[in-house]
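Here is the structure we will look at, set down as structure tokens.
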Amino acid sequence: MQGLDSLFAHAGLVRSRRGTPAGITRELRLERAMPQELTQTAPEPRVAANGVEWLAAPGWNRMQWLWHGFSTRRGGGSRAYCSEDAPGELNLGFTASDDRAVVEHNRRLLAEAITGSAETPLVTLKHVHSNVLVRAGAADAGLSVPHKGDGLVTDQPGLLLAVQTADCIPVLVADTKRRVVAAFHAGWRGTVKRIVETGVGRMRLEFGCRPEDLVAAIGPGIGACCYSVGDEVLSAFESQFAYARELFREVYDSDPVRIRYPMLFLTQRAPGHSPIGPNLHVDLTEANRRQLLDAGVKAAAIRVVGGCTSCQRELFFSHRGSQGFAGRMMSVIGIRVR
Ligand SMILES: [Zn+2]
């Protein structure tokens, strides 16, 4: 069976879960869905004076003390991931294909769009899909070798904490009473390691934050519509979370011809035994929302920004959607200087 899997992987396919030997059925059936039922459309981006297009968390502008934003690919001067005649793009990661000076310029544009000053220091991390949290200060900004980790937290005003994504889920958290802010990077591995739950725990421990004072925003990442995963991801979640199965769906990936001409594909087979799909999809946005709830954040205090990086590639960079050749977006949060 492994040989078959590697053959499928080589061809860019995911083996159907129907590959399970006959007679072996799952104890519990997963809910089924079509991709279009699972997608969440992003809101219209804001356009800064310098051309950077970014998304805000609904309602967060009321907090005058707070800076925050989720970048898109629009704005900036990168030419690495667009066609020759396209306007430049806002790649914010030091990727192999892009020019470092251009990325540095793009980062200054983002800081300017969010804080009004291109000089606002930006603290970044080298992400390692962990639950490692770094307590950041101004001295941590602009390091040539950034700290390793997947969460940043600070109570110091005047700097922006940044996590980088191109499918993974960015999560921003702010304590509205104590004025502490945090940013988390959650791919499936970091989610299984409870980066967000651990991070909120550290905010309580190190800064005395109370969960009832926290607000959180989950930014755009790859949606349950597009995030097809292998059985090992389901197993990893099941080993950690009692609610794991609620995060997964069996999805019949859309085939435009089939949707348009379903009669052509009618067979005598029982429902669910058609030759295509289903594939296992995981909802990382919901997974991280559950962690925020388990950490004590009130449901009404959690905003989901919306948007699927893989569906909306004109707006977002997507690692999976571009077969690994993609720029990086940044999600930033900070405390405004009074
Ligand atoms: Zn999608």
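The values are calculated or read from the model by the stated rules, or taken from the named source; none is laboratory data. Worth saying up front: this structure is predicted, and the values here are computed from it rather than measured. When we count neighbours, we look across all protein chains shown, and the Cβ atoms used for this are built from the backbone with ideal geometry, even at glycine.
Of the residues contained in segment 192-213, one or more are found to be touching a Lys or Arg at 6+ places or on another chain (Cβ under 7 Å) and at positive phi. Filtering segment 295-313 to residues that are small (G, A, S) and within 14 Å of the ligand (Cβ to nearest atom) leaves G306, G307, S310. Would you point out the residue of segment 192-236, among those that are within 16 Å of the ligand (Cβ to nearest atom) and hydrophobic (A, V, I, L, M, F, W, C), that is farthest from K148 (Cα to Cα)? Among residues in segment 192-236 that are within 16 Å of the ligand (Cβ to nearest atom) and hydrophobic (A, V, I, L, M, F, W, C), the one farthest from K148 (Cα to Cα) is C225. Hey, any hits in segment 322-334 for a residue that's within 13 Å of the ligand (Cβ to nearest atom), surrounded by fewer than 23 Cβ atoms within 10 Å (Cβ to Cβ) and over 20 Å from A111 (Cβ atoms)? No.
Taken as a whole, the structure places V233 among residues that are outside any loop (DSSP other than H, G, I, E, B), in contact with a Phe, Trp or Tyr (Cβ under 6 Å, 6 or more places away or on another chain) and aliphatic (A, V, I, L, M).
Considering every residue within segment 266-283, establish whether at least one is surrounded by 16 or more Cβ atoms within 10 Å (Cβ to Cβ), part of a loop (DSSP other than H, G, I, E, B) and at pLDDT below 95. Yes, there is a match, as at least one residue in segment 266-283 is surrounded by 16 or more Cβ atoms within 10 Å (Cβ to Cβ), part of a loop (DSSP other than H, G, I, E, B) and at pLDDT below 95. Within segment 131-158, residues that are basic (K, R) sit with their Cβ atoms under 7 Å from residues that are in a helix (DSSP H, G or I), at 6+ positions apart or across chains, in these pairs: R135/E206. Candidates are the residues of segment 17-51 that are exposed (fewer than 10 other Cβ atoms within 10 Å of the Cβ) and at pLDDT below 85; the one that is farthest from the ligand (Cβ to nearest atom) is G23. Is it true that some residue in segment 181-189 is within 20 Å of V282 (Cβ to Cβ), assigned to a helix (DSSP H, G or I) and modelled with pLDDT of 95 or more? Yes, segment 181-189 has at least one match. The residues in segment 284-313 that are buried (at least 23 other Cβ atoms within 10 Å of the Cβ), under 19 Å from V200 (Cβ atoms) and among the hydrophobic types (A, V, I, L, M, F, W, C) can be counted, and the count is 3. Working only within segment 61-74, note down all residues that are of a type outside the set (S, T, Y) and in contact with a Phe, Trp or Tyr (Cβ under 8 Å, 6 or more places away or on another chain). Of everything in segment 61-74, those that are of a type outside the set (S, T, Y) and in contact with a Phe, Trp or Tyr (Cβ under 8 Å, 6 or more places away or on another chain) turn out to be L66, H68, G69, F70, R73.
Across segment 52-91, the number of residues qualifying as closer than 24 Å to V337 by Cα, assigned to a loop (DSSP other than H, G, I, E, B) and touching a helix residue (DSSP H, G or I) at 6+ places or on another chain (Cβ under 8 Å) comes to 1. Figure legend. Inter-residue proximity from segment 215-231: first residues surrounded by 24 or more Cβ atoms within 10 Å (Cβ to Cβ), second residues among the aromatic types (F, W, Y) and not in a loop (DSSP other than H, G, I, E, B), beta-carbon distance below 9 Å, spacing 6+ or different chains. Indicated pairs: A217/W60; A217/F70; G219/F70; P220/F70; A224/F248; Y227/W188.
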